[in-house]
Amino acid sequence: MKKLFLYIIFFFIAFACKEKFNTDLHSPSTGYLVVEGFIGSGNDPTAISLSRSVKLVDSVNIIYETNASVTVEGENNETFPLNENINGSYTSAGSLNLNANEKYRIHIITRNNKEYISDFESVKHTPPIDSITFQRENGGLRIFIDTHDAQNNTRYYKWNYEETWEIRSSFLSNLKYIRDPATNMIEKVDYRYPLTQAPDTTIYRCWVSNSSKSTNIGSSEKLTADVIHQPLNYIEHAAEKLSVLYSIKIKQYALSHEAYLFFEKIKKNTEQLGSIFDAQPSELKGNIHCVSDPKEPVIGFIGVSEEMNMRIFIRNNEVPGWGYNPFCSEIIIDNNADSIMKYGLSLTPTTPSKTMNLQIIQFGAASPSCVDCTLKGTNVRPSFWP
């Protein structure tokens with residue numbers, strides 16, 4: 001009882017001593033420059049993303065840095081300009097065909113004429129991915145990456161991934177609401193395609209895509225052999241991602257020891273904070289510097305590495321008992337303005353349930369998200385989809 005009493009006292013003291021912490025760090029209103037990506041030394045294009053840091057109290061998620069000049073420079077005075085795309089992304093027109101014996105860096109000039117450069121970095125060779133595997137875990141699905149370097153030269157790795165999954169509507173629809181041209185009020189439903197009465201399959205089958213948000217790094221530094229077997233992604237039990245067909249493409253990069261330490265700090269500062277027992281925030285000092293103002297912090301580490309990637313597909317029948325349930329239901333509505341006004345305004349019509357002399361007497365209706373998959377994804381089939 002004495003120990004229990006002491007634990008209770010400690011618990012109340014710990015929570016009573018909590019005070020709001022206001023940092024003395026004053027960042028500019030425009031935020032600090034954040035530079036992400038790799039200089040690609042292999043066959044894939046180089047992609048660099050520029051954005052601005054935001055304060056914890058800000059509601060804006062991402063502020064992209066646009067209209068900048070971004071160039072890859074070599075110690076041998078080679079230059080490779082990158083082209084601006086959307087959302088602060090700058091990419092090369094193709095592979096840069098870099099010299100493995102040279103060092104390279106990024107040179108950035110922002111729209112307000114501030115200049116930034118990264119340190120020259122040696123080209124890192126990235127070993128290929130051996131395999132992507134998966135196994136059931138706590139009802140869900142854990143995805144693993146396997147790789148190795150027979151020469152024991154890599155040791156430090158980083159992974160990004162892109163995932164895409166197919167979704168299907170719970171109900172097909174071949175009906176649409178017909179409105180009075182004068183009042184714009186719904187009068188009835190009729191066939192979307194009267195000549196064929198076929199369902200609208202453009203809203204039945206869709207695809208959703210997502211990219212990794214966490215920092216995925218791994219090291220074989222403490223192992224005798226440069227071998228990696230590491231979990232990268234977890235799909236919760238009964239998630240829609242595996243309701244039909246799921247695909248993940250993993251991109252692998254070799255890191256220098258300095259780059260690994262930087263991303264390790266990123267991971268600790270963004271993913272492992274929350275209690276007094278977690279790692280405390282540390283300074284994120286990368287290899288990028290502001291030439292115009294040497295005292296200005298810049299967030300990012302730009303290495304030179306070739307990208308190795310692999311894609312796998314996982315079908316729903318490969319995860320027996322997955323248990324996805326969209327919780328969609330359908331109601332039957334009389335095909336007249338009063339019934340539609342009372343029951344159907346927030347619903348999407350599906351198919352006729354009762355007809356007479358080719359006229360629709362009653363029809364089914366369901367929640368729009370259960371009928372129109374474009375509300376959650378795109379109906380444009382990805383080029384790599386089987």
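The values are calculated or read from the model by the stated rules, or taken from the named source; none is laboratory data. Note that this is a predicted model, so its numbers are computed, not measured. Positions of Cβ are backbone-derived with ideal geometry, glycine not excepted, and every protein chain shown enters the neighbour counts. Accessible surface is based on the protein model in full, side chains and every heavy atom, while ligands, DNA and RNA are left aside. Shrake-Rupley method; radii C 1.70, N 1.55, O 1.52, S 1.80 Å.
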MET356 fails exactly one of the following numbered conditions: (1) more than 24 Å from the chain's Cα centre (by Cα); (2) without any contact (Cβ under 8 Å) to a residue 40 or more places away in the chain; (3) surrounded by 13 or more Cβ atoms within 10 Å (Cβ to Cβ). What is the number of that condition?
(3)
Just to check your reading of the model, which residue among SER69, SER95, SER131 is open to solvent by 20 Å² or more (accessible area, probe 1.4 Å), closer than 21 Å to HIS289 by Cα and of a type in the set (Gly, Ala, Ser)?
SER69
Hits in the range 316-332 (condition: farther than 21 Å from ASP372 by Cβ and loosely packed, with under 13 Cβ neighbours inside 10 Å):
ASN317, PRO320, GLY321, GLY323
The correct count of residues that are open to solvent by 30 Å² or more (accessible area, probe 1.4 Å), in contact with a strand residue (DSSP E or B) (Cβ under 8 Å, 6 or more places away or on another chain) and more than 15 Å from THR164 (Cα to Cα) in the range 199-222 is 4
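Pick out the one residue from ILE108, ILE178, ILE186, ILE145 that is open to solvent by less than 30 Å² (accessible area, probe 1.4 Å), under 30 Å from PRO352 (Cβ atoms) and out of contact with any His (no Cβ under 6 Å at 6 or more places or on another chain).
Within the list ILE108, ILE178, ILE186, ILE145, the selection yields ILE186.
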For the range 303-315 the number of residues that are over 20 Å from the mean Cα position of the chain (by Cα) and open to solvent by less than 60 Å² (accessible area, probe 1.4 Å) is 4
Looking at (1) open to solvent by 30 Å² or more (accessible area, probe 1.4 Å); (2) of a type outside the set (D, E, K, R); (3) outside any loop (DSSP other than H, G, I, E, B); (4) in contact with a Gly (Cβ under 8 Å, 6 or more places away or on another chain), can you tell me which one ILE117 breaks?
(4)
In the range 88-106, what residues are of a type outside the set (A, V, I, L, M) and over 13 Å from ASN43 (Cα atoms)?
GLY88, SER89, TYR90, THR91, ASN101, GLU102, LYS103, TYR104, ARG105
With ILE314, ILE333, ILE340 as the choices, which residue is farther than 30 Å from ILE145 by Cα, assigned to a strand (DSSP E or B) and in contact (Cβ under 8 Å) with a residue 12 or more places away in the chain?
ILE333
Residues (exposed (fewer than 14 other Cβ atoms within 10 Å of the Cβ) and touching a residue at least 12 places away in the same chain (Cβ under 8 Å)) located in the range 375-386
LYS376, THR378, VAL380, ARG381, PRO382, PHE384, TRP385, PRO386
Those residues that are at pLDDT 95 or above and more than 17 Å from ILE299 (Cβ to Cβ), I need them from the range 55-75; list them, please.
THR66, ASN67, SER69, THR71, VAL72, GLU73, GLY74, GLU75
Unmet criterion (only one of (1) closer than 22 Å to ILE143 by Cβ; (2) open to solvent by 40 Å² or more (accessible area, probe 1.4 Å); (3) out of contact with any Asp or Glu (no Cβ under 7 Å at 6 or more places or on another chain)) for ILE250
(2)
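Condition check ((1) touching a Leu at 6+ places or on another chain (Cβ under 6 Å); (2) not in a strand (DSSP E or B)) across all residues:
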position: ASN77; (1), (2): no, yes
position: GLY94; (1), (2): no, yes
position: LEU98; (1), (2): no, yes
position: GLN135; (1), (2): no, no
position: ILE143; (1), (2): yes, no
